[in-house]
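Here the structure is laid out as structure tokens; the discussion comes afterwards.
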Amino acid sequence: MGFFDKLKDGAAKAAEMAKDSVEIARLNTQISAKRKELERGYLKIGEAVFQAYQAQQPSDAESVVQEQSGLIVNCQYEIAQLELKIQAIKNEKRCSCGQVIPMDSKFCSACGQKFDPVPPQADAMGDVPPPPAPADPTYCSVCRAEVLGTDRFCESCGNELTKEAAGLS
């Protein structure tokens, strides 16, 4: 591959990264707006409940609470959908324990939960992107896959890592 081909590939990758960054920023702005809507809904519920309390008519707040609760549930759903889009762009997924892990992980590195295999996604050039390099790799004693020092379980085989292998000694 010649110099200009490498330069062209580098520029294309940089442009794709910039496009992803802009899209993530746009989605985060939408999430922020939805969170402000949530706050307004909570405030309206609080005001209605307090006014009903002062009037000693608790049922007066019921219609406002129902309406705002429906709007809050919708906002929470929309926020979750936007967060899923961000994870897809970043090629990440969230485990039920809350840990964010690479999309191609077979097991959670924090709790060991097994995931169904996900087929690798090809980029625009048809190449499968390489997995991100770990910052401080050690190796699983069972399958010899690289693991981070903070991992409790191997992402490849699900083996519980010893304190030494997990860098916790």
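The values are calculated or read from the model by the stated rules, or taken from the named source; none is laboratory data. Please read all numbers here as calculations on a predicted model, not as lab measurements. All Cβ positions, even for glycine, are placed from backbone atoms using ideal geometry, and neighbour counts span all protein chains on display.
I'd like to check something: does region 145-165 contain any residue that is part of a loop (DSSP other than H, G, I, E, B), surrounded by 14 or more Cβ atoms within 10 Å (Cβ to Cβ), modelled with pLDDT under 50 and not assigned by TED's automatic domain parsing to the domain that holds A15? There is at least one residue in region 145-165 that is part of a loop (DSSP other than H, G, I, E, B), surrounded by 14 or more Cβ atoms within 10 Å (Cβ to Cβ), modelled with pLDDT under 50 and not assigned by TED's automatic domain parsing to the domain that holds A15.
Among the residues of region 47-83, what is the count of those that are exposed (fewer than 13 other Cβ atoms within 10 Å of the Cβ), aliphatic (A, V, I, L, M) and in a helix (DSSP H, G or I)? Of the residues in region 47-83, 2 are exposed (fewer than 13 other Cβ atoms within 10 Å of the Cβ), aliphatic (A, V, I, L, M) and in a helix (DSSP H, G or I). Return the residues of region 50-65 that are in contact (Cβ under 8 Å) with a residue 12 or more places away in the chain and among the hydrophobic types (A, V, I, L, M, F, W, C); say none if nothing qualifies. Passing the criteria: A61, V64, V65. Residue pairs whose Cβ atoms lie under 6 Å apart, sitting 6 or more positions apart in sequence or on different chains, and linking a residue in region 139-163 that is at positive phi to a partner that is in a loop (DSSP other than H, G, I, E, B) and of a type outside the set (K, R), are G158/G112.
Tally the residues that are β-branched (V, I, T) and exposed (fewer than 13 other Cβ atoms within 10 Å of the Cβ), restricting the search to region 13-46.
Of the residues in that region, 2 qualify.
Only residues that are of a type outside the set (V, I, T) and in a helix (DSSP H, G or I) were counted across region 84-101, and they come to 5.
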